[in-house]
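Please read the structure below before turning to the comments.
The values are calculated or read from the model by the stated rules, or taken from the named source; none is laboratory data. Just so you know, these numbers come straight off a predicted model, no measurement behind them. So basically every Cβ, Gly included, is an ideal-geometry build from the backbone, and we count neighbours across all protein chains shown.
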Amino acid sequence: MEPIYLDNNATTPVAPEVVEAMLPYLTTKYGNASSVHSFGREAKVALEQAREQIAAFINCEPSELYFTSGGTESDNLAVLGTAYHYRGRRDHLVVGATEHHAVLEPAEYLHCDEGFALDILPVDGDGFASPDTLAELVTDKTALVSVMYANNETGTIQDIAALTKVTRETGVLFHTDAVQATGKITVDVKELGVDLLSLTGHKIYGPKGTGALFIRQGVKITPLFYGGSHEKKRRPGTENVAGAVGLAKALEIAGKRMEQDFATHTELANYFIDEVMKRIPDVHLNGPRTNRIPPTVNLSFTGIEGESILLSLDMEGIACSSGSACTSGATEPSHVLIAMGKKSVDAQGAIRFSMGRSTTKEQLDYVLEKLPPIIQRLREMSPMYGR
Ligand SMILES: *Cc1c(COP(=O)(O)O)cnc(C)c1O
């Protein structure tokens, strides 16, 4: 059996058509998009075509789309860029409890080191935030609210449109991290009502180190980089033309496949969840059964460390991820699961299986065969289980 890759929320392979689309811009068409000669113009045309394509994909104007190096940079630029712009006038931020670290950490930095007030928007047991709670937190001093669209650990799809209704009434900016949603469900900045939106290439079969930030016309941000007039001075640096072309191609493919992939992954995920629960006692699904991006299946196996499950699965050629972040050997339970009110022993035993285009029922059957004895063996050794 070939190794089975069930960690597509961490990254995906680059689609062959994406590589093909990028190749000319890595080889013969290598011009700098800022150069005035024919080489430069050729690169500029490709860059702007990619921008138009991606803008159409999320329903914004090309002039509202800024290329970045990926999700982390887009999130940082959104959070820090708006905060720095409003500093002294609006010194308050609200971020979701289950945000990616690329949003949480800049927000915590602004709070701890730059004097911003910070409120964390809580979520319920399935990871959903409430518009009423948001309304209680937002004040006339709030610069930005940042709540992600689809969660990377649990797949929970947040009702962003309901949340932006709250901020729109008060003139507060709203950013959403749509890294996991883009290419898996429809992402339309107008329907969502957001002012800023982050996306990345490598979670949707595009190249690593490519991404974009949507900044609605009229929204002001302070740049984080200085050194050129690229991307209207908001993100200077020689443009990654091949990367932009690859990102556009990856989205084009994702768009064509979206409905079919959603249906296939829903069926596979439901099969997998039901079978795991049939075969193994004391398992919980983290996140909702519906209103989720289907390829993300996060399960807690009570009484064992996720890390030990992960290592045992890896020895059987199965690659997935634990919901917890491992820092210098000590495993911390995931902040996402803790925010959802999971008990520490459940959060610790969480495993994320994230499916992709290559995932088959046969692969899942192999996992379903290997998993029960692993769980049983680890539980027999665990001082946390059944005591
Ligand atoms: C992966 C991820 C990021 C970071 O994106 P990079 O392109 O890897 O920097 C941010 N947010 C979410 C939700 C992610 O899953």
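Points to keep in mind about this one:
- Within the stretch 230-256, if we keep just the residues that are buried (at least 16 other Cβ atoms within 10 Å of the Cβ) and basic (Lys, Arg), the residue that is nearest to Gly155 (Cα to Cα) turns out to be Lys249.
- The listed residue being surrounded by 19 or more Cβ atoms within 10 Å (Cβ to Cβ), under 18 Å from Gln217 (Cα atoms) and either under 20 Å from the mean Cα position of the chain (by Cα) or at pLDDT 95 or above (or both), out of Val179, Val194, Val166: Val194
- Residue match in the stretch 47-57 (condition: out of contact with any Phe, Trp or Tyr (no Cβ under 6 Å at 6 or more places or on another chain), farther than 30 Å from Tyr366 by Cα, within 16 Å of the ligand (Cβ to nearest atom) and not acidic (Asp, Glu)): yes
- Residue list for the stretch 292-304, restricted to those being at positive phi and modelled with pLDDT of 95 or more: none
- Among the residues making up the stretch 154-203, those that are β-branched (Val, Ile, Thr), out of contact with any helix residue (DSSP H, G or I) (no Cβ under 8 Å at 6 or more places or on another chain) and within 16 Å of the ligand (Cβ to nearest atom) are Thr156, Ile157.
- Candidate set from the stretch 204-223 (those that are closer than 26 Å to Glu20 by Cβ and in contact with a Lys or Arg (Cβ under 9 Å, 6 or more places away or on another chain)); member that is surrounded by the fewest Cβ atoms within 10 Å (Cβ to Cβ): Ile204
- Positions within the stretch 86-108 being away from the ligand (no atom under 16 Å from the Cβ) and under 25 Å from the mean Cα position of the chain (by Cα), in sequence order: His92, Leu93, Val94
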